[in-house]
1. Compute the length gained on full extension between Ser382 and Thr364: take 0.36 nm times their separation in residues and subtract their Cα-Cα distance, giving the result in nm to one decimal.
2. Return the sequence-ordered ³J(HN,Hα) values of the stretch 243-258 in whole Hz as given by the Karplus equation 6.51 cos²θ - 1.76 cosθ + 1.60 applied to θ = phi - 60°, using x for Gly and Pro.
3. Based on the mean of other beta carbon atoms within 10 Å per residue, what is the order of 343-355, 53-65, most packed first?
4. Normalised radius of gyration for the stretch 316-433, please: alpha carbon Rg relative to 2.2 N^0.38 Å, two decimal places.
5. Using 7 Å Cα-to-Cβ label points, what is the Tyr286/Lys427 separation (nm, one decimal)?
6. Per residue, how many Å² of accessible area does the stretch 1-157 show with a 1.4 Å probe?
7. How much FRET efficiency would the formula 1/(1 + (r/R0)^6) give for Asn224 and Asn397, where r is the Cβ-Cβ distance and R0 is 30 Å, rounded to 0.05?
8. Starting at the first residue of the stretch 365-380, write each ³J(HN,Hα) from the Karplus equation 6.51 cos²θ - 1.76 cosθ + 1.60 with θ = phi - 60°, in whole Hz, x for Gly and Pro.
Amino acid sequence: MKIIGIEQALGLVKDNYKISCADAATEPQLFLSNLHTIAHKVNNVSVWTCLSKRSYPFLENKEYGNRFKVRSTYFSKPLRDAYELLDDVTYVPTHLRRLYIAILAGGAPDIFVGTCTPPDKNGKISLGLSCIYEREVIAAAKTVIMEINPNMPFTLGDVVMDASEVDYFIDSDLPLLEDVMPPVSEKDAAIGRYISDLIGDGDCLQIGIGSIPNAVVQNLDGKNDLGIHTELLSDGIVELAKKGVVTGKRKNIETGQMITSIILGTKDLYRYCEGNPDVLVMKCAYTNAYATMAAIDNQVSINTTLEVDLTGQCCSESIGTKQFSGTGGQADTAIGAQMAKGGKSFIALYSTANVRTGQGGERTEISKIVPVLKPGATVSLSRNDLHYLATEYGIVNVRGLGISERAKAIISVSHPKFRDELMFEAKKLGFIK
């Protein structure tokens, strides 16, 4: 085991190098916090990130940032801000289950940098809180650097690897990045009730993060023996496990275990997952694979979107042409769940949004259910794959409906003040005659 300092680690970066970083709470904070110090020593270095939960000097200053090419497979706020500031920041489209393929498509990284636990007595380390693409990229990378952080929980599953697979270690004790659950609004609560009413005892859930998923979780206390097979494990799900609502007893595969590819939340969540044999952090290529999800009876997928048109096309990652987040695993899980026996897929959104009308502070309310998507909007989930659509005004099942019937169904859950206008436009466009 070779331990080096941060300066030595940065000294390994050369011109034209490709650096791939671990994601979310496993992001190499020490390495990225100091990356700007070599900005004027190297040229044409690309830095690949995903779901960055904090910003760094090289993303905040043109003098540093314009020396790097930043590639991200998910635009969180730090990357959205960096995109507006720097010359060479771009989003890389991909499904979550295929994210490692996107990273490796242009060639193996010269360096992979992540965060891990200290080695145990058997010389094993754990990547802790994520295995979205890490294992595959580590296997391909020419050099592997890991920040050893004693705050990282030793979780089980595909995240466990031998310390000999790492070329260099850096000591770090930075606090782990956290994600605190946002408060639940009245709109969230209404959507949560509509969705939870259609979740049965013994169903197996995939639930993301955000106020709407939190609202669903808060309405599940009366359910029994729920299972978890999800791309992301949050505090809300673990609270259900502590209450005995989530047991996994009825799961027909990996019975009794919660399966995830990423853990993101608070320190309480991280402590719960530490060494817990009932929580397995698995490769996303397995967790989100259609074949895996299709094999789980009563698999349920719950996701959110930004805008939906009257035929059911869901834009979940952009505002027009402007990238806002990422595809993530929405299509993976929405399609995979529907392939399962008894499976269901829910897409939720607020019926309206308040947007700025100009340069001042004036705002106006617009419908998020629209006749057609904004020009250039990304179709994150095709209309072929929409099952249930929920807003604070109701929930509809559009599976098997023709364009006319589904347009009427989707309009029925829009904000009442926009329904007449949407009906007029639907007729004008020929969706309804």
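1. Numbers: separation 18, 0.36 × 18 = 6.48 nm, distance 2.84 nm.
Additional length available on full extension: 3.6 nm.
2. 7, x, 6, 9, 10, x, 4, 9, 5, 7, 10, 6, 4, x, 10, 8
3. Values: 343-355: 21.1, 53-65: 17.4.
The most tightly packed comes first, giving 343-355, 53-65.
4. On the way: Rg = 15.2 Å, N = 118, 2.2 N^0.38 = 13.5 Å.
Ratio of Cα Rg to 2.2 N^0.38 Å: 1.13.
5. Label at Tyr286, label at Lys427, 5.6 nm between them.
6. Values: 5970 Å² over 157 residues.
Per residue, the stretch 1-157 has an accessible area of 38 Å².
7. Values: r = 24 Å, r/R0 = 0.79.
The pair Asn224/Asn397 has a calculated efficiency of 0.80.
8. Per residue, the Karplus-derived 3J(HN,Hα) values read 8, 10, 7, 8, 9, 10, x, 9, 5, 4, x, x, 5, 7, 8, 6 Hz.
The values are calculated or read from the model by the stated rules, or taken from the named source; none is laboratory data. Since we're looking at a predicted model, the values are computed, not measured. FYI the Cβ positions are ideal-geometry reconstructions off the backbone, even for glycines, and counts take in every protein chain you see. Heads up: the accessible areas ignore ligands, DNA and RNA and are worked out on the full protein's heavy atoms, side chains in. Shrake-Rupley method; radii C 1.70, N 1.55, O 1.52, S 1.80 Å.
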